[in-house]
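Trainee: One structure, as structure tokens, below. Some questions next.
Since every read-out is calculated from the coordinates, none of them should be taken as a lab result. Just so it is clear, the structure is predicted and the values come from calculations on it, not from any experiment. Positions of Cβ are generated from backbone atoms using ideal geometry, with glycine treated the same way; all protein chains shown enter the neighbour counts.
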Amino acid sequence: MAWGRSRMKNNNELSTPAGQSSSRLGLPWLMCICVAFLVLIILTGFAIMVTVLALHPHKPRYRIQDVQITQLTVSNRPLQTLTQTSDPFDAVLNSNIIVTVESYNRNHHLSIYNTRLLVILYYSGKEIGRAYFVPFHQHRQNTTVVQGVVSIRDCELRHSDSASLKAAVARNAVILQSKLAARVKFRHGIWKSSWHRWFRVRCDLVVSTITAPTGSHLLYKKC
Ligand SMILES: *[C@@H]1O[C@H](CO)[C@@H](O)[C@H](O)[C@H]1NC(C)=O
């Protein structure tokens with residue numbers, strides 16, 4: 001009964017010109033637009049996939065090449081600056097450390113912009129300073145070596161850390177940890193990525209001091 005009624009209503013609609021345009025033309029139009037959109041999305045996705053496969057992007061490789069301690073002193077903090085008699089941070093570190101980083105862009109089709117590059121140094125888990133490198137553009141298949149200086153001024157140290165650091169200096173082998181962070185943009189021809197990517201490398205380092213026979217250099221590294 002209900003089916004019969006609705007069928008009749010449809011027949012009535014079809015007989016009017018307005019009804020005709022909405023059911024015979026309106027729906028196909030909408031479908032056409034939907035299909036066109038779908039095709040466009042699929043084509044765009046395909047184009048992106050082909051481009052990515054053709055460019056075959058590789059991540060840049062960063063290597064800590066050398067670490068040189070050009071100056072290092074551990075001294076007691078002046079008594080009047082201590083907050084309490086048993087302040088655990090009763091020593092200060094002053095130092096200059098040169099960090100040399102090698103950046104390798106192994107891409108055949110992409111050049112990279114190192115828009116930000118920094119190395120953070122830690123002693124015994126505590127951050128002691130950072131080096132910021134000058135941003136640079138790196139061509140395809142290029143290796144670039146850059147240097148930055150970590151300049152440490154009155155960095156507070158725990159009593160136990162200052163004792164172990166003095167002992168390490170006397171042994172000519174200072175153990176440090178490093179964290180490198182690089183922010184990169186890619187470029188191919190006139191196209192330059194609008195987004196950034198961050199890359200990070202952590203290492204354990206052993207550095208000889210200036211009084212060592214060979215001077216201060218990176219002795220050992222585990223990344
Ligand atoms: C890498 O690029 C820099 C700057 O464009 C250039 O000075 C250097 O010689 C290049 N290195 C190699 C190994 O091609």
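Trainee: With angles folded into 0 to 90 degrees, how steeply does helix 27-55 sit against the dominant principal axis of the chain? Use alpha carbons for both and round to 10.
Mentor: Roughly 30 degrees between the two axes.
Trainee: For the chain, what's the radius of gyration and Dmax over Cα atoms, in angstrom?
Mentor: 32.3, 105
Trainee: Given an 8 Å cut-off on Cα distances and at least 6 residues of separation, report the relative contact order of the chain as a percent.
Mentor: Once divided by the residue count of the chain, the mean separation gives 19 percent.
Trainee: Still on this structure: What relative contact order, as a whole-number percentage, does the range 71-170 give when Cα pairs under 8 Å and 6 or more residues apart are counted?
Mentor: After rounding, I find 35 percent.
Trainee: May I ask you to list the trypsin sites (Lys or Arg not before Pro) in the range 49-123 that are in a DSSP loop and have at most 16 other Cβ atoms within 10 Å of their Cβ? If you can, show how the numbers build up before the last one.
Mentor: Details: sites: ARG61, ARG63, ARG106, ARG116; in loops: ARG106.
In loop regions of the range 49-123 (DSSP not H, G, I, E or B), the sparsely surrounded trypsin sites (Lys or Arg not before Pro) are ARG106.
Trainee: Among the chymotrypsin sites (Phe, Trp or Tyr not before Pro) within the range 189-223, which fall in a DSSP loop and have no more than 11 other Cβ atoms within 10 Å of their own Cβ?
Mentor: TRP195
Trainee: On to the next question. Using the Cα centre of the chain as origin and beta-carbon charges of +1 (Lys, Arg) and -1 (Asp, Glu), tell me which of VAL146, SER193, LEU72 is placed farthest towards the positive end of the dipole.
Mentor: Farthest towards the positive end: SER193.
Trainee: Right, another one. Pairing rule first: another cysteine's C-beta must sit under 4.7 Å. Under that rule, which cysteines of the chain stay single?
Mentor: Flagged as lacking a Cys partner: CYS32, CYS34, CYS155.
Trainee: Next question. Rounded to the nearest 0.05, what FRET efficiency do LEU55 and ILE210 have when you use their Cβ-Cβ distance and R0 = 41 Å?
Mentor: 0.35
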